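The values are calculated or read from the model by the stated rules, or taken from the named source; none is laboratory data. Predicted model, so just to flag it, every value in this text is computed and none were measured. Using ideal geometry, Cβ is built from the backbone for each residue, glycine included, and neighbour counts are taken over all protein chains shown. Remember, those area values only see protein heavy atoms, side chains included, never the ligands or the DNA or RNA. Shrake-Rupley method; radii C 1.70, N 1.55, O 1.52, S 1.80 Å.
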Amino acid sequence: MSAIILDGKAIAKRIQDEVKDAVAKMSREKGVVPGLAAVLVGENPASQMYVKMKRNRCEEVGIESFGYEKPADITQEELEELINELNRDPKVHGILIQLPLPDHIDTDKALQTISLDKDVDGFHPINIGRLAMKGREPEFIPATPYGCMILLQEAERLVQGFKISGSNAVVCGRSNIVGMPMSLLLVKANATVTIVHSRTKNIPEIVGKGDIVIGAMGRAEMIKGEWLKEGAICIDVATVKVDAPEAPKGYIWKGDFEAEAAKKRAAAITPVPGGVGPMTIAILLKNTLHGAELALS
Ligand code: GUN
């Protein structure tokens with residue numbers, strides 16, 4: 001078997017184009033330009049890069065982006081005061097607090113300060129709680145897991161006989177940002193979900209039962225191709241920078257799957273890079289547009 005490559009870059013571009021058209025229509029017909037406030041605390045280079053990418057993509061689709069760069073020693077009170085200001089600002093329809101926050105900040109308390117109708121990351125405990133409850137829907141779904149679900153729907157379209165509903169899904173990783181909300185979304189979509197984490201015994205055996213395998217650990221090539229069930233659908237969330245002296249830049253990106261071996265057994269797999277990564281930002285744009293629609297409704 002040679003796996004179908006799920007082209008996240010192309011799907012993200014389609015979503016981005018749809019958001020761009022809807023933003024233009026909203027500006028023209030309602031006089032409202034969707035706005036995203038991105039709050040960055042400290043000087044973590046990866047966080048700086050992610051926020052820059054998110055703000056650039058906002059500009060590309062006509063969403064106004066407001067950047068707030070705060071020192072690493074900001075107090076809890078100062079951060080919550082800023083969030084409350086953004087909650088009141090009518091030009092801001094989405095508030096993104098880039099994570100992780102410094103250790104002295106109570107992240108949960110900060111995220112709870114975000115107004116529910118501006119919680120475009122979907123990390124407010126009430127939004128996560130609704131995701132976990134049967135018959136309830138969150139106002140916003142966290143961007144990366146939402147992007148993974150769209151990629152799985154693409155696999156349903158491309159892989160004969162594959163259905164998310166009724167499948168066995170194995171989610172590797174239990175982070176608040178990806179693994180846990182991903183598991184909850186899969187349960188909502190009627191999959192039977194097993195979560196694999198650092199204390200799990202018999203990981204190869206459990207992964208081998210997955211019709212769907214989600215790699216969300218950030219451990220380069222940890223999931224071996226030979227573990228996979230023949231015909232599995234593999235979604236690789238990780239992007240790990242690995243030294244490669246022979247590569248032009250001196251490094252390459254790897255995901256959680258042993259990609260070449262996985263392609264021989266999987267029915268479909270996302271590439272790294274160009275799979276889940278582009279979807280995350282596209283969904284953030286979509287969620288910000290939704291925030292503006294909520295403000296208008
Ligand atoms: N840090 C890593 N991923 C994310 C994300 O999706 N949103 C925010 N706010 N922080 C992150």
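Quick rundown of the values:
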{"item": "Condition broken by I150, with the remaining ones in (1) within 16 Å of the ligand (Cβ to nearest atom); (2) free of Cβ contacts under 8 Å to residues at least 60 places away in the same chain satisfied", "result": "(2)"}
{"item": "Residue satisfying condition, being of a type in the set (S, T, N, Q) and touching a helix residue (DSSP H, G or I) at 6+ places or on another chain (Cβ under 7 Å), within set N56, N84", "result": "N84"}
{"item": "In segment 269-288, residue nearest to the chain's Cα centre (by Cα) [restricted to those that are crowded, with 23+ Cβ neighbours inside 10 Å and more than 16 Å from the ligand (Cβ to nearest atom)]", "result": "T270"}
{"item": "Test: residue in segment 48-68 that is away from the ligand (no atom under 13 Å from the Cβ) and on the phi > 0 side of the Ramachandran plot", "result": "yes"}
{"item": "Residue match in segment 26-33 (condition: away from the ligand (no atom under 16 Å from the Cβ) and within 23 Å of the chain's Cα centre (by Cα))", "result": "no"}
{"item": "Residue, surrounded by the most Cβ atoms within 10 Å (Cβ to Cβ), within segment 196-214, restricted to residues that are of a type in the set (A, V, I, L, M, F, W, C) and not in a helix (DSSP H, G or I)", "result": "I214"}
{"item": "Failed criterion for L79 (all others in (1) open to solvent by less than 10 Å² (accessible area, probe 1.4 Å); (2) touching an Asp or Glu at 6+ places or on another chain (Cβ under 9 Å); (3) hydrophobic (A, V, I, L, M, F, W, C) hold)", "result": "(2)"}
{"item": "Breaking point among (1) surrounded by fewer than 18 Cβ atoms within 10 Å (Cβ to Cβ); (2) hydrophobic (A, V, I, L, M, F, W, C); (3) outside any helix (DSSP H, G or I), for M49", "result": "(3)"}
{"item": "Residue within segment 83-93 that is assigned to a loop (DSSP other than H, G, I, E, B), open to solvent by less than 40 Å² (accessible area, probe 1.4 Å), within 16 Å of the ligand (Cβ to nearest atom) and under 18 Å from D121 (Cα atoms) present", "result": "yes"}
{"item": "Hey, D211 in contact (Cβ under 8 Å) with a residue 40 or more places away in the chain and either in contact with a Cys (Cβ under 6 Å, 6 or more places away or on another chain) or over 30 Å from R28 (Cβ atoms) (or both) or not", "result": "yes"}
{"item": "Flag for Q112 being polar (S, T, N, Q) and without any contact (Cβ under 8 Å) to a residue 12 or more places away in the chain", "result": "no"}
{"item": "Any hit, segment 18-28, residues being assigned to a loop (DSSP other than H, G, I, E, B) and in contact (Cβ under 8 Å) with a residue 24 or more places away in the chain", "result": "no"}
{"item": "Every pair of residues 6+ apart whose Cβ atoms lie under 6 Å, when the first sits in segment 96-108 and is within 14 Å of the ligand (Cβ to nearest atom) while the second is charged (D, E, K, R) and open to solvent by less than 30 Å² (accessible area, probe 1.4 Å)", "result": "L96/D121"}
{"item": "Any helices (runs of 4 or more DSSP H) falling wholly within segment 101-194 and containing at least 3 residues that are hydrophobic (A, V, I, L, M, F, W, C) and surrounded by 19 or more Cβ atoms within 10 Å (Cβ to Cβ)", "result": "143-158, 179-188"}
